[in-house]
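Novice: Have a look at this one.
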Amino acid sequence: MTAANPTGSGEKRLRIADQTACYHCGEPCPASPVVYDEKHFCCEGCRTVFDILNNNGLCQYYQIDENAGVSLRGKSKEEYAYLDEPDVRSRLVDFTDGERTRVRFFLPQIHCASCIWLLENLYKLNDGIVASQVNFLKKEIYLTFLEEKTTLRKVVELLSSIGYAPAINLGSLDKEKRPVTDRSFTYKLGVAGFAFGNIMLLSFPEYLGLEKDQDSYFFQFFGYLNIFLSIPVVFYSGSDYFRSAWLGLKNKELTIDVPLALGILVYFIRSAYEILSHSEAGYMDSLAGLVFFLLVGKWFQQRTYHHISFERDYRSYFPVAARRKQDGQERPVSLDLLEPGDVIVVRHGELIPADAVILRGEARIDYSFVTGEAQPVLLPAGEKVFAGGRQQGATLELSLTKRVAQSYLTQLWNEEAFAKKQEMQASRLANQIGKYFTITILLIGVAALVYWLPRDATRAINAFTAVLIVACPCAVALAIPFIFGNVLRILGRHQFYLKNTNVVEAMRSVTKLVVDKTGTITTRMKGDLDFMGEPPLTLEEQAGLQTIASQSVHPLSQLIRLHFEHQGIPPLENTRLSGWEEFTGRGIAGVVDGIPYRLGSPEFIGVTADEGEAQDSGIWVEINGIVRGYFAVTQYLRPGTEALIHALREMGEVALLSGDNEREREQLTPLFEGAGQMHFRMSPKEKLQFVKRLQEEGAQVMMIGDGLNDAGALKQSNLGIVITEDTNNFTPASDAILHASSYTRLPQLLRFARKSVHLVYGAYGFALVYNLIGLSFAVQGALSPLVAAILMPLSSVTIVLFGLVGSNLLARRFHL
Amino acid sequence: MTVVFLLILVSLVVALGFLAAFLWAVRSGQYDDDYTPSVRILFDEKQTEND
């Protein structure tokens, strides 16, 4: 009956699925949920976690945040035997004295208050753990455990069993690379703020214009205190500006820091001279304010994303260890100890660590992340496999031919592009302005000096120093941190994460664009199916296939399940199914209502090459011993791609680079305006070369990609954007990371970021006005401390307000 | 009026004390994470029987 009226029953099931959310993870439960303790769970994994927490009195976890759990569906259990290897263990832990061990893990799953609570109560699950502390923003946990009661492996297995499997990869073995928290900036900011407040207080008598003759000893005393308080401001808090100005001068560049450093220095020397010679009160208050505001700007600019890494290389993609077979025994060994000739064992879902030859087993390798080929490759024993591919199917035995670092893929990182030192942090826009600014100021200052020198020598010196003081480009230096810093934050709200504010600037100058195909403009996850075969499947047959496919968690089976679900065909009751079996990496088979169904690769079904061109991409169907046809997997462009390409065209010429074959050339031609702009079968190295060639022709290249195969091109390009389904997953080194769910908004985001440069120009206009006012006082040699004390903070505050309000209004105009 | 000297010096010493407290707080890592403690403080410890 169900098969005859599939739609009605399907709707009913879907409605139930909408209502029941898994008690643990909150995801909708499947048609037949796991029921335990009167609660519904979407899968066994979630139930197990609930069980562990329930048995240990940790159910408060579910009260802090509802459905707090991390879904375990579709995640295969990892093996942590390698954590018992002394070599791996000693390189992973932060500190150990043989009794107590401290270790820190990155837990990408951390997402809510419940996570913090549970992870900080780990000692209730394992009494060997004596301390655990979570840093929510960095998604890190710091653990201390007793070696006699537990081991590193047990701790990691515990974390993994409750859904928080730590991200351990080859990169975690490099201790030097781990960021050390640098607190010196906070000290500098604190010292500057402290001195600023106190100097202001001590300068009050001056502001109020109290009679000097009467209490002159007070003024002198306050002056000395001001000098005392300014010394740390100039030589500690402001030291970075001197250093960077000096570096700039050594490279024969007039960066924005040169006039800043000059201004700070002149401020200090002139003020100290005035105070010590008892002539005037000096400008120590404005000086401290200037340094303080500059540092606040820097702080605002630096507050970016703690948990997103923009600098990952292949080491973050590879696991820590592989299973090496020696004398008939398998033992985990860390990847960098693998030598050519070693025999390793790779199971379903595991990564191939280095180039190798297959000794035993049939390989079905998914290279999509590495090369951009959308379909898995089938290889028999004796064939070569390359590092980075993921085996899907039976267990393989491989004989390594290369070391990990010398494999085909990892060699990409030996390219020149990766040796490039991090460019200077300074903003190019600010430095361009800085160049003209410095020259103009010096000219005006010298002109004032020359004008006054024959008439009044002291006034000449006064005017010259006052020009340098008042023109100190504080407002210019604050515009970029506040405007671009806020733009960064607005983009971050839409899940477009930029590495730093220089990236916003770089967008302005892009002239050529390069786009990757697989995973970038097409999705890796979703795809739809088309049944190819005559006659079409009957309803009974479809229901039968749905029944056997929904038993399997394999991605392709899931695709079939979803395909039928969309058509309103539910699986039949389990009682009508018998003899179901999964042949790992090959297919599935089962008997429904007495009719045998088989679903899988062409070899599994027994189709020979001449029976179909879709050989390796289709899922073949055999019902009752007859080959019925196959499901073709079609990849779809992400929705919004047309709009995106259109927006990119506004910025420059757009080219497509794909590692895949030319299957989709025709489909893509209308998008890329002529086939000349599309390049298929590009190796990772060729992609890099392509970008390099464009740059040699004078183009500023922006690249949008996703996988390891784009890593070289992304690094080489002036601006690399990575698209990812999950920001916690591996992404190659880049300047910006976009979450796939914001893909349709990318055109707006790019336009907004490019427009925001105009705000900086506007802020520079303000700065110019203030400078002209200040200069008109200065060239007359009549800059009183009071004028300076008003002008300096006023200009800074207006720039900050203009920047913040302006960028927010601009965002609203772009509906962001 | 000379008492003002004393007052100013005392106030400066107090201010330096606060600066020292700030530097100590930064050094001991209290500024490394400015989010998690705000969540942590809201957890009640009601399951003491497990301790």
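None of the figures in this text is laboratory data; all of them are computed from the coordinates on show. All values derive from a computational prediction rather than experimental measurement. Quick reminder, even Gly has a Cβ in these numbers, built from the backbone with ideal geometry, and neighbours come from all protein chains shown.
Novice: Calculate the mean, over all residues of peptide A:182-191, of how many other protein chain Cβ atoms lie within 10 angstrom of the residue's Cβ. Could you put the intermediate results ahead of the total?
Specialist: Values: counts 0, 6, 1, 1, 7, 5, 0, 2, 7, 3.
Partner-chain Cβ atoms within 10 Å, mean over residues of A:182-191: 3.
Novice: For residue A:409, what residues show an amide H to amide H distance below 5 Å, using hydrogens built from the backbone and excluding near sequence neighbours?
Specialist: A:387
Novice: For each of A:327, A:313, A:726, A:257, count neighbouring Cβ atoms within 10 Å of the residue's Cβ, then give the residues from fewest to most. Each step should come with its number before you reach the end.
Specialist: Values: A:327 5, A:313 20, A:726 10, A:257 26.
Starting with the residue having the fewest Cβ neighbours, the order is A:327, A:726, A:313, A:257.
Novice: Follow-up question, since we're still on this one. Among A:363, A:205, A:739, flag the residue with its Cα farthest along the positive direction of the charge dipole of chain A, charges on Cβ as +1 for Lys/Arg and -1 for Asp/Glu.
Specialist: Selected residue: A:205.
Novice: Would you kindly derive the ³J(HN,Hα) couplings of the range A:87-96 from the backbone phi angles with the Karplus curve 6.51 cos²θ - 1.76 cosθ + 1.60 (θ = phi - 60°), listing them in order in whole Hz, with x for Gly and Pro?
Specialist: Result, rounded to whole Hz: 5, 5, 4, 5, 8, 8, 7, 7, 7, 8.
Novice: How high is the FRET efficiency from residue A:453 to residue B:16, r the C-beta distance, R0 45 Å, rounded to 0.05? Could the numbers behind the result be given before it?
Specialist: Working: r = 44 Å, r/R0 = 0.97.
Here the calculated transfer efficiency is 0.55.
Novice: Peptide B:32-39: average number of partner chain Cβ atoms within 10 Å per residue?
Specialist: Details: counts 6, 9, 3, 6, 11, 2, 2, 9.
Shielding by partners across B:32-39 averages 6.
Novice: Quick one: if the Förster radius is 60 Å, what FRET efficiency do residue A:131 and residue A:591 give, using the C-beta to C-beta distance and rounding to 0.05? All intermediate terms of the calculation are to be shown ahead of the outcome.
Specialist: Values: r = 56 Å, r/R0 = 0.93.
Approximately 0.60, to the nearest 0.05.
Novice: Run the helix sum for the protein assembly as shown: -39,500 (n - 2.57) per DSSP H stretch of 4+ residues, divided by residue count, reported at 222 nm to the nearest 500 deg cm²/dmol.
Specialist: Numbers: 28 runs with 380 residues, N = 867.
After summing the helix terms and dividing by residue count, I get -14000 deg cm²/dmol.
Novice: Spin-label point model (7 Å from Cα, Cβ direction): what's the residue A:55 to residue B:2 distance in nm?
Specialist: 8.0
Novice: Separate question: Within chain A, which DSSP H helices have Cα atoms that stretch 30 Å or more along the helix axis and a mean Kyte-Doolittle hydropathy of at least -0.5?
Specialist: Details: long enough: A:184-208 (36 Å, 0.88); A:428-452 (36 Å, 1.15); A:746-778 (48 Å, 0.85); A:785-813 (42 Å, 1.48).
Going by DSSP H runs, the hits are A:184-208, A:428-452, A:746-778, A:785-813.
Novice: Taking the Cβ of residue A:384 as the centre, find all other residues whose Cβ is under 13 Å away and add up their charges (Lys, Arg: +1; Asp, Glu: -1). Before the final figure, lay out each step's value.
Specialist: Values: positive: A:402; negative: A:355, A:383.
Within the 13 Å Cβ shell, the charges total -1.
Novice: Kindly flag which residue pairs out of A:325/A:402; A:252/A:499; A:517/A:685 have an alpha-carbon separation exceeding 19 Å in this structure.
Specialist: Values: A:325/A:402 17 Å; A:252/A:499 27 Å; A:517/A:685 16 Å.
Check vs 19 Å cut-off fails for A:252/A:499.
Novice: Separate question: What full-extension length gain, to one decimal in nm, is calculated for residue A:804 and residue A:626 as 0.36 nm per residue of separation minus the Cα-Cα distance?
Specialist: Working: separation 178, 0.36 × 178 = 64.08 nm, distance 6.87 nm.
Extending this stretch completely gives an extra 57.2 nm.
Novice: State the answer as a single residue: which of A:98, A:219, A:64 lies farthest towards the positive end of the charge dipole of chain A, with beta carbon charges of +1 for Lys and Arg and -1 for Asp and Glu, about the Cα centre.
Specialist: Projecting each Cα onto the dipole axis, the largest value belongs to A:219.
Novice: So for each of A:101-107, A:665-671, A:442-448 I average, over its residues, the number of other beta carbons within 10 Å; can you give me the resulting order with the highest mean first? Numbers along the way, then the final one.
Specialist: On the way: A:101-107: 19.0, A:665-671: 14.0, A:442-448: 17.0.
So the peptides A:101-107, A:665-671, A:442-448, ranked by packing, come out A:101-107, A:442-448, A:665-671.
Novice: Output wanted: per-residue J couplings in Hz (rounded whole) for the range A:400-413, from phi through Karplus 6.51 cos²θ - 1.76 cosθ + 1.60, θ = phi - 60°, x for Gly and Pro.
Specialist: In residue order, the calculated couplings are 6, 10, 9, 6, 4, 6, 10, 6, 3, 6, 5, 4, 3, 6 Hz.
Novice: Another question, if that's okay. Name the residues whose placed amide hydrogens come within less than 5 Å of the amide hydrogen of residue A:24, ignoring near sequence neighbours (fewer than 5 apart) on the same chain.
Specialist: Distant-sequence amide H within range of residue A:24: A:42.
Novice: Express in nm, to one decimal, how much length is gained between residue A:650 and residue A:581 on full extension, taking 0.36 nm for each residue of separation and deducting their alpha carbon distance.
Specialist: Values: separation 69, 0.36 × 69 = 24.84 nm, distance 5.40 nm.
Contour length minus Cα-Cα distance gives 19.4 nm.
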